[in-house]
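A.B. asks: Provided herewith is a single structure, encoded as structure tokens, for subsequent inquiry.
The values are calculated or read from the model by the stated rules, or taken from the named source; none is laboratory data. Just so it is clear, the structure is predicted and the values come from calculations on it, not from any experiment. Quick reminder, even Gly has a Cβ in these numbers, built from the backbone with ideal geometry, and neighbours come from all protein chains shown.
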Amino acid sequence: MKTLVIVVHPDIKHSTINKHWINEIQKYSNQFTIHELYKEYSTWEIDINKEQQLIETHQNLIFQFPIFNFSSPPLLKKWLDDVLIYGWAYGRENGDKLKGRKIGLAVSAGIQNEDYQLDGKYHYTMEQILVPFKVLLQYYCQADYQDFYAFYGSEKIPGVEYSSTEEEIDNGTKSYLQFLNSL
């Protein structure tokens, strides 16, 4: 069975990293299914049954998104609340659809790795920022949480132009594919 990559980017057209990741993953359609939530649900009306069936037909699950205000884009939160419900994802006798399923995160951050340190600019690590996902997936839904892959960039500073080099993006994409293939 394939890995379902749920991409949650509100402006994928103008994305650099997430768009690059999608383009690379599409080359391996026999291994990965790409599911873009903002394309699928522009009105935010989520088809819960469709989403649950899609998950059930895949072995592994990856949530791919940019870090927004030290969290995920808002549609991912709504999706998690709507789709991972009691009696399906947790609780009761049938609430085991994620139990043991390998699930991980792939995030792009517009902030440098050193800023995501206890002694860095923001005083929290990426691991700490992503704790709610780990708690939900590993402990609440009993999934086999695989941790996360992160691509770090540079915070946009007014008047200062920055973008990752092609080499950095290509190396990050290769590392991301290794992460996906290690599930």
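A.B. asks: Which of the residues spanning the stretch 106-129 are out of contact with any Ser or Thr (no Cβ under 9 Å at 6 or more places or on another chain) and closer than 30 Å to E51 by Cα?
C.D. replies: If the condition is that a residue be out of contact with any Ser or Thr (no Cβ under 9 Å at 6 or more places or on another chain) and closer than 30 Å to E51 by Cα, then A106, A109, M126, E127, Q128 are the ones that fit.
A.B. asks: For the list (1) of a type in the set (V, I, T); (2) in a helix (DSSP H, G or I); (3) surrounded by fewer than 17 Cβ atoms within 10 Å (Cβ to Cβ), I need the number of the one condition that T43 fails.
C.D. replies: (2)
A.B. asks: What number of residues in the stretch 49-100 are surrounded by fewer than 14 Cβ atoms within 10 Å (Cβ to Cβ) and among the hydroxyl-bearing types (S, T, Y)?
C.D. replies: Matching residues across the stretch 49-100 total 2.
A.B. asks: Report those helices (runs of 4 or more DSSP H) wholly inside the stretch 74-183 carrying at least 1 residues which are touching a His at 6+ places or on another chain (Cβ under 6 Å).
C.D. replies: Because the criterion is at least 1 residues that are touching a His at 6+ places or on another chain (Cβ under 6 Å), the helices (runs of 4 or more DSSP H) in the stretch 74-183 that meet it are 166-181.
For (1) in contact with a strand residue (DSSP E or B) (Cβ under 6 Å, 6 or more places away or on another chain); (2) among the acidic types (D, E); (3) at pLDDT below 95, each residue gets a yes or a no:
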position	(1), (2), (3)
N69	no, no, yes
S72	yes, no, no
D82	no, yes, no
N94	no, no, yes
G110	no, no, yes
D115	no, yes, yes
Y122	no, no, yes
S164	no, no, yes
E167	no, yes, yes
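A.B. asks: Oh, and also: Among the residues in the stretch 2-13, are any closer than 21 Å to F151 by Cβ, more than 14 Å from the chain's Cα centre (by Cα) and either part of a helix (DSSP H, G or I) or touching a residue at least 40 places away in the same chain (Cβ under 8 Å) (or both)?
C.D. replies: yes
A.B. asks: Residues of the stretch 4-49 being charged (D, E, K, R) and either at pLDDT below 95 or over 20 Å from P74 (Cα atoms) (or both), which ones?
C.D. replies: Passing the criteria: D11, K13, K19, E24, K27.
A.B. asks: Run I67 past the list (1) within 14 Å of L37 (Cβ to Cβ); (2) in contact (Cβ under 8 Å) with a residue 40 or more places away in the chain and report the number of the one that doesn't hold.
C.D. replies: That leaves (1) as the condition not met.
A.B. asks: I need a count of the residues in the stretch 46-68 that are assigned to a loop (DSSP other than H, G, I, E, B) and under 25 Å from T173 (Cβ atoms).
C.D. replies: 3
A.B. asks: Can you say whether Q26 is surrounded by 15 or more Cβ atoms within 10 Å (Cβ to Cβ) and either in contact with a strand residue (DSSP E or B) (Cβ under 9 Å, 6 or more places away or on another chain) or assigned to a helix (DSSP H, G or I) (or both), as far as the supplied structure shows?
C.D. replies: Judged against the criteria, Q26 is not a match.
A.B. asks: Can you go through K39, K19 and tell me which one is touching a residue at least 24 places away in the same chain (Cβ under 8 Å) and among the basic types (K, R)?
C.D. replies: From the options K39, K19, the qualifying one is K39.
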